[in-house]
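We did not get these values from a lab; they are worked out from the coordinates using the rules stated. Computed from a predicted model, the values in this text were never measured in an experiment.
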Amino acid sequence: MGKYLRLTDRKILDSSYDSEIKFLEPRLEIKPEGIKAILEEVAKVDPRAKQVKVEDLIDRRYLENWIKVAFSPSSGTKKNRKPKEDNMPRKRAESK
């Protein structure tokens with residue numbers, strides 16, 4: 001995170017991480033409500049956005065395939081199971 005923010009102060013980075021992690025999605029998931037909100041905003045400047053169906057914009061094939069591969073017994077993960085909806089991202093590893 002420090003690389004992309006161009007920060008080296010560890011206290012600032014830790015504080016930023018801790019405050020933002022609460023609001024990140026625990027899983028890579030596309031929520032139709034989010035897409036709908038974006039389309040509503042776009043429709044204010046481009047009326048064609050009103051004709052777009054949210055379902056037509058979401059393709060879960062790659063996400064579903066990733067879940068199958070990443071959590072299969074042959075993947076080498078410690079927990080070879082599908083992630084739960086309520087799993088939160090793990091706290092980052094301490095730097096060396």
Row for region 2-75, column shape: gyration tensor on C-alpha, a ≥ b ≥ c, rounded if a/c < 1.5 i.e. under 1.5, prolate if a/b over b/c, else oblate; value oblate
Under Karplus coefficients 6.51, -1.76 and 1.60, residue-wise ³J(HN,Hα) of region 43-56 in Hz, glycine/proline x = 4, 5, 10, 9, x, 5, 5, 5, 8, 7, 8, 4, 4, 6
